[in-house]
Structures are given as structure tokens and as C-alpha cells.
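**Student:** Sending over a structure as C-alpha cells; questions will come in a sec.
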Amino acid sequence: MGKTNSNSKIEEVDSKDSNPFFSILITSFSTIFLAELGDKTQLATLIISAQSGRPLIVFIGASLALISTSLLGVLIGRWIANNLPRQKFTVVSGIVMLSLGIYLVTQGFIGFIQN
């Protein structure tokens, strides 16, 4: 009887894990939330809100902008997922990120030497 109970609990957990809705929702929210904290967009929103004295309008405008850019990213991501093989996309994105990293480190090093 104890095994049956623990098996049903395992099946419950498995069925919860098989629905990725909340996992994807929490992952996307936390990733974007943390990435946006203190970035130039948030600082610009803060400044515009302080200067205009109309925080609600600034909030609406900033929200629409973030929704629009997120929608663009989702649509492009869906297109990539439907049109490129996953392995090819992984290799290409890895090369792009590595190249960008090398470029940024090089630029930082050059700036450091010049100062």
C-alpha cells in the first residue's frame, strides 16, 4: 500500500513536470526581469518619468515598447525554430556569441591601453 501511494505521488509530480507552461513562464519572467534591472532602458524610463511628471503615461509607453520588442523576439524565435535545424542554430549562435565576446574584450583591452 505504501508503494502504491508513493507511486501515485511520483506520477503526480511527473504529470506536473510534463506541463512546461509554468516552468517556461517563470524562466522567461525571471530572466527578463533580472536582465532589465538597472539597464539603460530602466534608467531612461526613470529619467523620463521624473522629467515629465507623468509616470502613468511613461509606464504605458515603456510597457508597450517592451511588449513590442518581446513580441518581435518571440516571432523571430518561432521562425528560426521552424526553419533552421536545431543543431545548426546552436552552432551558428555559439559562433556569433563567441565572436561578439572576442570583439568586446578586444575593444575593452584597446580602450584600457589607450587610457
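The values are calculated or read from the model by the stated rules, or taken from the named source; none is laboratory data. Remember, predicted model here, so these are calculated numbers, not experimental data. Every residue, glycine as well, gets a Cβ built from its backbone with ideal geometry; the counts of neighbours run over all protein chains shown.
**Student:** Can you tell me how many residues within the range 60-85 are surrounded by 12 or more Cβ atoms within 10 Å (Cβ to Cβ) and more than 18 Å from F29 (Cβ to Cβ)?
**Tutor:** The number of residues fulfilling the criteria is 3.
**Student:** Also: Look at I95 and say whether it is in a helix (DSSP H, G or I) and modelled with pLDDT under 95.
**Tutor:** Details: in a helix (DSSP H, G or I): yes; modelled with pLDDT under 95: no.
No, not satisfied.
**Student:** Count, please, the residues in the range 38-53 that happen to be over 20 Å from S70 (Cα atoms) and in a loop (DSSP other than H, G, I, E, B).
**Tutor:** Within the range 38-53, residues that are over 20 Å from S70 (Cα atoms) and in a loop (DSSP other than H, G, I, E, B) number 1.
**Student:** Follow-up question, since we're still on this one. Restricting the search to the range 62-88, which residues are under 19 Å from F33 (Cβ atoms) and of a type in the set (G, A, S)? Before the answer, list the steps.
**Tutor:** Start the filter on the range 62-88 by keeping residues that are under 19 Å from F33 (Cβ atoms), which leaves 62-74, 77.
Within the range 62-88, A62, S63, A65, S68, S70, G73, G77 qualify.
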